[in-house]
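One structure below.
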Amino acid sequence: MSNFDAIVVGGGINGLVAGAVLGRKGKKVCIIERADRFGGMASYAVDGGPSLAHALYNLSPRALKDAGIDVDRATFTGQQIDTVSLADDGNHIVFKANGVYWNDGSQHPQSKAWCELIQRFKTYGGLLRQLAEAPPPGGHSASLSRARLAEMLRLAKVGIGLKMLGKSEMRRFLQVVLSNVYDIVLDDLPDGPVAGMLAADAIRGAATGPRSPGTVFNLIYRLGHGGTITQPTGGMTAVVDTLVDGAKAADCTLLPGTEVSRILVDLDAVTGVQTADGQTLRAPLVLSNLASPLTSQLTGPSLFDIEATRRIRNIRARGTAAKVNLRLKDASPLPGLKSEQKDARLIYAPSADYVEAAFNPAKYREMSKAPVIEALRTEQPDGSHWVSAIVQYAPSDLDGGWTQEAQDRLAQITVDTLDCALPGLREQITDTQVITPDQIATATGAPGGHWHHAEMSLDQLLTLRPANGISRYAFGPKGLFLCGAATHPGGDVMGLAGRNAALMALEVQK
């Protein structure tokens, strides 16, 4: 039997960050991961293909700093990549940091409107970032504790930021943040590839379409953390390795290939965990990087009252994104792209209407025959070359199930769609891999194979994430905390949920 100050169950990005934060605060920490490799979705791959996550969108510098990781390390200073919106006629559109351009380098007529809209969203997102970098408001006693004062100061800063927008812009912010991305984007842009790219970014990994309420919030949230897309040096494997090194530097004990079978509780307080191979590890703090339904199963449902159990059961986590990896025969450039676009992020979303139409079949448990695709060309450590594609919509509850025939059909749809915009791509493909939402759920524990462990909708954000009453990380018995993507501030490879949960656990333990 081993004794620790804290145990982290699940060694994904948030689990590694949480462990490192606790370790740097002087805690003796053990991080347990069921898979042989740490990293969760950021490292899960099949037969040498690309990992589920293939780029960095908003890994938080605040989370990295508190985990003791130098944000200027080579892993996180990889190349910021452009986005290319693919067109069937070959007249692709390129999104750069300073504007929008046609494939021939000339400026797109919607460039100015796009830049102004993105800047507005980034301004709004900067206000929301202040909320993301701390536990959601509420939960303190009426007394003016240090934590309560810090929370009041943070909310005051957000209020001042809103006030400084001016009356007109503040009214616009309140209108925009609760609306859908379709209406807001088309207020400023005509429908087409520019609007389609923004719509695709707003629904990435979600079981929603651009007309769904609150989708613009997701887009603003991401842009508030920088909005840049980076291909890290060494790929996502190097990102995970750096976080593992950070946990080791904080003197954390790492146990890969170890499954937790039970979270131990005595007198309504956690006392540690038991592993599937019979080990008993003791600690007064347990942070679970698993989703709340799995965590409650490990503790036992009897520890939660009926209302809490109902809320846990009703958390929406319906995965709609599949991963389709296309192995290429060699390092030849993708047809139809310029040499400087070889590392660009490719988006197939010809319009916001197209994205909405792609979502419609998922409502009826069908895969999209005309999907939204985000793709990157990657090179694996063994020298193989791939197109790594996130494909929506591919619902976890597909009618008839994810049979081999259904997987082959999704792969064919993906190849057909990309080949229309990049004629000749089909001839470069030697093999395909399909990772469906149900496979993601089995491999990573993400409910429904959802990329964010719970839907990023207005009723599951901030003080309502993952559900009302369990939004401040503490979960059930004393000493048990959630620290995964299903908690505030949500998914993407961000690390803030783990960092916030660790700080909350330290505060509660004082």
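The values are calculated or read from the model by the stated rules, or taken from the named source; none is laboratory data. Here the structure is a predicted model, which means the values were calculated and not measured. Quick reminder, even Gly has a Cβ in these numbers, built from the backbone with ideal geometry, and neighbours come from all protein chains shown.
Name the single residue that is farthest from residue 338 (Cα to Cα) among those in the range 356-393 being of a type in the set (Val, Ile, Thr) and touching a His at 6+ places or on another chain (Cβ under 8 Å). Walk me through how you get there before you give the answer.
The initial filter retains those residues of the range 356-393 that are of a type in the set (Val, Ile, Thr), namely 372-373, 378, 387, 390-391.
Now narrow it down to the ones that are touching a His at 6+ places or on another chain (Cβ under 8 Å): 378, 390.
Numbers: 378: 16, 390: 22 Å.
Filtering the range 356-393 for residues that are of a type in the set (Val, Ile, Thr) and touching a His at 6+ places or on another chain (Cβ under 8 Å), the one farthest from residue 338 (Cα to Cα) comes out as 390.
Of the residues making up the range 82-112, those that are under 29 Å from residue 221 (Cβ atoms) and either surrounded by fewer than 17 Cβ atoms within 10 Å (Cβ to Cβ) or among the charged types (D, E, K, R) (or both) are 82, 96, 97, 98, 99, 107, 109, 112. The set of residues in the range 383-416 that are over 21 Å from residue 449 (Cβ atoms) and in a helix (DSSP H, G or I) comprises 415, 416.
Being hydroxyl-bearing (Ser, Thr, Tyr) and not in a helix (DSSP H, G or I) is a property that does not hold for residue 242. Identify, from the list 317, 358, the residue that is of a type outside the set (S, T, N, Q), outside any loop (DSSP other than H, G, I, E, B) and surrounded by 14 or more Cβ atoms within 10 Å (Cβ to Cβ). Result: 358 is the single residue among 317, 358 that is of a type outside the set (S, T, N, Q), outside any loop (DSSP other than H, G, I, E, B) and surrounded by 14 or more Cβ atoms within 10 Å (Cβ to Cβ). Residues being over 26 Å from residue 435 (Cα atoms) and of a type in the set (Lys, Arg) are represented in the range 237-249 by at least one member. Looking across the range 239-286, the residues that are surrounded by fewer than 16 Cβ atoms within 10 Å (Cβ to Cβ), touching a residue at least 40 places away in the same chain (Cβ under 8 Å) and of a type outside the set (D, E, K, R) come down to 249, 256, 257, 269, 280. Checking 476, 490 one by one, the residue that is assigned by TED's automatic domain parsing to the domain that holds residue 453 and farther than 16 Å from residue 130 by Cα is 476 and no other.
For the range 370-381, the count of residues that are part of a helix (DSSP H, G or I), buried (at least 24 other Cβ atoms within 10 Å of the Cβ) and out of contact with any Leu (no Cβ under 9 Å at 6 or more places or on another chain) is zero.
For the range 418-441, does any single residue satisfy the condition of being closer than 30 Å to residue 306 by Cα and of a type in the set (Lys, Arg)?
As a first pass, look at the range 418-441 and keep what is closer than 30 Å to residue 306 by Cα: 437-438, 440-441.
Of the ones still in play, those that are also of a type in the set (Lys, Arg) are none.
Within the range 418-441, none of the residues are closer than 30 Å to residue 306 by Cα and of a type in the set (Lys, Arg).
Residues in the range 57-75 that are under 24 Å from residue 447 (Cα atoms) and surrounded by fewer than 23 Cβ atoms within 10 Å (Cβ to Cβ): 57 alone. Note on the range 25-105: enclosed strands (runs of 3 or more DSSP E) holding 2 or more residues that are touching a Phe, Trp or Tyr at 6+ places or on another chain (Cβ under 8 Å), of a type in the set (A, V, I, L, M) and closer than 28 Å to residue 260 by Cβ are 29-32.
Conditions tested, residue by residue: (1) of a type in the set (A, V, I, L, M); (2) out of contact with any Asp or Glu (no Cβ under 9 Å at 6 or more places or on another chain).
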| residue | (1), (2) |
| --- | --- |
| 218 | no, no |
| 222 | no, no |
| 228 | no, yes |
| 231 | no, no |
| 239 | yes, yes |
| 253 | no, yes |
| 259 | no, no |
| 273 | yes, yes |
| 276 | yes, no |
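Residue selection: residue 7 satisfies the criterion of being crowded, with 24+ Cβ neighbours inside 10 Å, in the same structural domain as residue 295 (by TED's automatic domain parsing) and farther than 17 Å from residue 246 by Cβ.
In the range 320-335, what residues are assigned to a strand (DSSP E or B) and either surrounded by fewer than 15 Cβ atoms within 10 Å (Cβ to Cβ) or not basic (Lys, Arg) (or both)?
As a first pass, look at the range 320-335 and keep what is assigned to a strand (DSSP E or B): 321-328.
The answer is 321, 322, 324, 325, 326, 328.
Please verify whether the range 295-312 includes one or more residues that are surrounded by fewer than 23 Cβ atoms within 10 Å (Cβ to Cβ) and closer than 28 Å to residue 388 by Cβ. No, the conditions are met nowhere in the range 295-312. Looking at the structure I just gave you, is residue 428 in the same structural domain as residue 348 (by TED's automatic domain parsing), surrounded by 15 or more Cβ atoms within 10 Å (Cβ to Cβ) and closer than 29 Å to residue 258 by Cα? So residue 428 does not fit the description; no.
Which of the residues that make up the range 21-44 are among the small types (Gly, Ala, Ser), within 20 Å of the chain's Cα centre (by Cα) and either under 24 Å from residue 264 (Cα atoms) or surrounded by fewer than 21 Cβ atoms within 10 Å (Cβ to Cβ) (or both)? Show your work before the answer.
As a first pass, look at the range 21-44 and keep what is among the small types (Gly, Ala, Ser): 23, 26, 35, 39-40, 42-43.
Now restrict to residues that are within 20 Å of the chain's Cα centre (by Cα): 35, 39-40, 42-43.
Listed by number, the residues that qualify are 35, 40.
Among the candidates 119, 107, 80, the residue that is over 25 Å from the mean Cα position of the chain (by Cα) and over 21 Å from residue 244 (Cβ atoms) is uniquely 107. Whenever a residue of the range 12-29 is under 15 Å from residue 481 (Cβ atoms), its partners that are of a type in the set (Lys, Arg), lying with C-beta atoms within less than 6 angstrom and at least six residues away or across chains, give the pairs 17/499; 21/499. What tally of residues in the range 183-210 results from selecting those that are in a helix (DSSP H, G or I), under 20 Å from residue 87 (Cα atoms) and not hydrophobic (A, V, I, L, M, F, W, C)? Of the residues in that region, 3 qualify.
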